[in-house]
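The values are calculated or read from the model by the stated rules, or taken from the named source; none is laboratory data. Since this is a predicted model, take the numbers as computed values, not measurements. Note: ideal-geometry Cβ built from the backbone for every residue, glycine included; neighbour counts use all protein chains shown. All accessible areas refer to the heavy atoms of the entire protein, side chains included, with ligands and DNA or RNA removed. Shrake-Rupley method; radii C 1.70, N 1.55, O 1.52, S 1.80 Å.
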Amino acid sequence: MLIRVEIPVDAAGIDSLLRRAFGRDDEADLVQQLREDGLLTLGIVATDDEGGVVGYAAFSPVEVAGEDRQWVGLAPLAVEEELRQQGIGTKLVYEGLDALNEFGYAAVVVLGDPAWYGRLGFTPAAAHQLHCPWPGAEAAFQIYPLAEQALADVSGLIRYAAPFNRF
């Protein structure tokens, strides 16, 4: 298994994986729209020995209280069903965090299982006066600072790229 930054030839495999993993089209359509709009900051894939995409993590820009602070949102994250519980999702996230850190991004936000993401070092965003754009989802909204001062003097609503508003 190889974990790496996505390349154009991966697009069809990513699309297929997302449709299978979620059992619907929303996540695949979201990634396609982010890509078309130039809003896919980073995509990380896990590929099998034949080069097939078996895992994927997407990162796209978010605004903090109306400002671009070099933050991104992680969504979606998917792993082939038969390969789950093997650490692939963790490796995808960590590879993404490492790459984003190297590129100078300041923080990553995610809406997901607090126990799972907490093991990776994410903390509740609400503890930093950062708010989720979706009502009722505050408990699952978390942050991972990449830069030392990422959370200094920052509070407010996190707004995702426009394609997220369709889903």
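So the values come out like this:
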item: Residue list for the range 85-107, filter: open to solvent by 20 Å² or more (accessible area, probe 1.4 Å), part of a loop (DSSP other than H, G, I, E, B) and at pLDDT 95 or above; result: GLY87, PHE103, GLY104, TYR105
item: Any hit, the range 39-49, residues being open to solvent by 60 Å² or more (accessible area, probe 1.4 Å) and at pLDDT below 95; result: yes
item: Filter result for VAL5 (crowded, with 17+ Cβ neighbours inside 10 Å and not small (Gly, Ala, Ser)); result: no
item: Tally, over the range 32-69, of residues that are out of contact with any Pro (no Cβ under 7 Å at 6 or more places or on another chain) and in contact (Cβ under 8 Å) with a residue 40 or more places away in the chain; result: 20
item: Lone unmet requirement of (1) over 16 Å from VAL93 (Cβ atoms); (2) open to solvent by 40 Å² or more (accessible area, probe 1.4 Å); (3) in contact with a helix residue (DSSP H, G or I) (Cβ under 8 Å, 6 or more places away or on another chain) for LEU34; result: (2)
item: Residue within the range 57-75 that is over 24 Å from GLY156 (Cβ atoms), surrounded by fewer than 18 Cβ atoms within 10 Å (Cβ to Cβ) and in contact with a strand residue (DSSP E or B) (Cβ under 8 Å, 6 or more places away or on another chain) present; result: no
item: Filter result (assigned to a helix (DSSP H, G or I) and among the small types (Gly, Ala, Ser)) within the range 1-34; result: ALA11, ALA12, GLY13, SER16, ALA21, ALA28
